[in-house]
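Written out below as structure tokens is the structure these notes cover.
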Amino acid sequence: MEAAKSPSIVVLTGAGISKESGLSTFRDKDGIWAKVALEDVATPEGFQRDPKRVHAFYNDRRRGLLAADICPNAAHVALVELEDRWPGEVLIVTQNIDNLHERAGSKNVIHMHGELLKARCGACGSVFDCNFDLALELPCLACMRAGGLRPHVVWFGEMPFEMDRIYAGLDACGLFLSIGTSGNVYPAAGFVQEVRGRGSTQTIELNIEPSEGRSFFEEQRYGPATEIVPAYVKELLKKASA
Ligand code: BJW
């Protein structure tokens, strides 16, 4: 990579980047989908069928995220350094609903699948901070109607957030990094093909093991995120300053 060009970078992150912080992934052997059926907890139909169950699922995960021992790890921190020191723009597009990128210090972050620490009212559409358990009987803080609150997350069949901003970032980027995602869920899984189609974007996968989309990447590095992400960022910044 030539320093003079300072291409903008899009970093797509998935559950694997937060694994070493103590949060579960979805599709690993011990992952979330090995314990609960995604149709029950991560679809609008599941929520309609049994909102109490879905609230309990996200309440548990919210309490887990707020636990004192859950903090950003070296991979989140390395991405902050990249954003601070890279001469071009760095956009983090995360599929994760945790807040570990922000807690590490990243500023340019899009949560395409929503945020666990936010709730949304189905009646008036208001979105607000939520660090407490949600329940059916709770009234919305804005319209005061009860029964409409849901986690501000994107379930299967729903449109991910900020897609226009994401596609604009993908269109403009010279480097696309994919970190800790299995490449099973669209549209995120298709981003690498979007940027490859343009011909001028370098693509690299950083994961603990080859993902579904491994063959779409020009370069791959495998290992725990806390090791390979800081090492790769160091390399990038060294090239940029050479
Ligand atoms: C490590 C590590 C370590 C472990 N270090 N690595 C074709 C085209 C378009 C859409 C579709 C399509 N076919 C089907 C669809 C629809 C559907 C879909 O993709 N279904 C698939 C099952 C096929 N998609 C949707 O419905 C989406 N909406 C949509 O498509 O709208 C229409 C649209 C079309 C086109 C453009 C725009 C819009 C919505 C998807 C919503 C996903 N929601 C969830 C739940 C969010 C809330 C919550 O957290 O509960 O999002 S599901 C779950 O999967 C969560 C994750 O963000 C997402 C991705 O998972 P991720 O992050 O990849 O985790 P894992 O566990 O799969 O992988 C972790 C990886 O880390 C593994 O590889 C490990 O090896 C690795 N790892 N430890 C580094 N230490």
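Taken together, the values in this text are just the output of simple stated rules run on the coordinates, not laboratory data. These numbers were taken from a predicted model, which means no experiment stands behind them. Cβ placement follows ideal geometry from the backbone for every residue including glycine, while neighbour counts extend to all protein chains displayed.
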**Report entry** Cleavage-rule hits (trypsin sites (Lys or Arg not before Pro)) in region 1-92: DSSP loop, at most 12 neighbouring Cβ within 10 angstrom
**Finding:** Lys29, Lys35
**Report entry** J(HN,Hα) series, region 29-45, from Karplus relation 6.51 cos²θ - 1.76 cosθ + 1.60, nearest Hz, glycine and proline x
**Finding:** 3, 9, x, 4, 6, 7, 10, 9, 7, 4, 4, 7, 10, 10, 9, x, 5
Report summary line: GNM on the chain, Cα springs under 10 Å; top mean-square fluctuation among Tyr58, Tyr167, Tyr186 goes to Tyr186
Query raised in the report: Which lysines have a Cα less than 25 Å from the Cα of Lys238, not counting those fewer than 8 places away in the same chain?
Result: Lys5, Lys107
Requested in this report: Enumerate the calculated ³J(HN,Hα) couplings along region 146-153 in order (Karplus 6.51 cos²θ - 1.76 cosθ + 1.60, θ = phi - 60°), each rounded to whole Hz, writing x wherever the residue is Gly or Pro.
Outcome: 9, x, x, 6, 9, x, 7, 10
Query raised in the report: So what are the radius of gyration and Dmax for the Cα set of region 119-218, in Å?
Result: 18.3, 52
Report task. Report the net charge of residues surrounding Glu102, where surrounding means a beta-carbon distance below 13 angstrom and charges are Lys +1, Arg +1, Asp -1, Glu -1. Result -> -1
Query raised in the report: So which cysteines of the chain have no other cysteine's Cβ under 4.7 Å from theirs?
Result: Cys71, Cys130, Cys173
Requested in this report: Using Cα positions and a limit of under 14 Å, work out the aspartates and glutamates in reach of Lys52, with same-chain residues fewer than 8 apart set aside.
Outcome: Asp40, Asp60, Asp133, Glu137
**Report entry** log₁₀ of I(q)/I(0) at q = 0.17 Å⁻¹ - the chain, Debye sum with one point per alpha carbon
**Finding:** -1.28
Report task. Let me have the relative contact order for the chain, percent, based on Cα pairs under 8 Å that are six or more residues apart. Result -> 25
Query raised in the report: Under a Cβ-Cβ cut-off of 15 Å, what is the net charge of the residues other than Tyr186 that fall near it, where Lys and Arg count +1 and Asp and Glu count -1?
Result: -2
Report task. Please give the calculated 222 nm ellipticity per residue for the chain, where each DSSP H segment of at least 4 residues contributes -39500 (n - 2.57) and the sum is spread over every residue; nearest 500 deg cm²/dmol? Result -> -9500 deg cm²/dmol
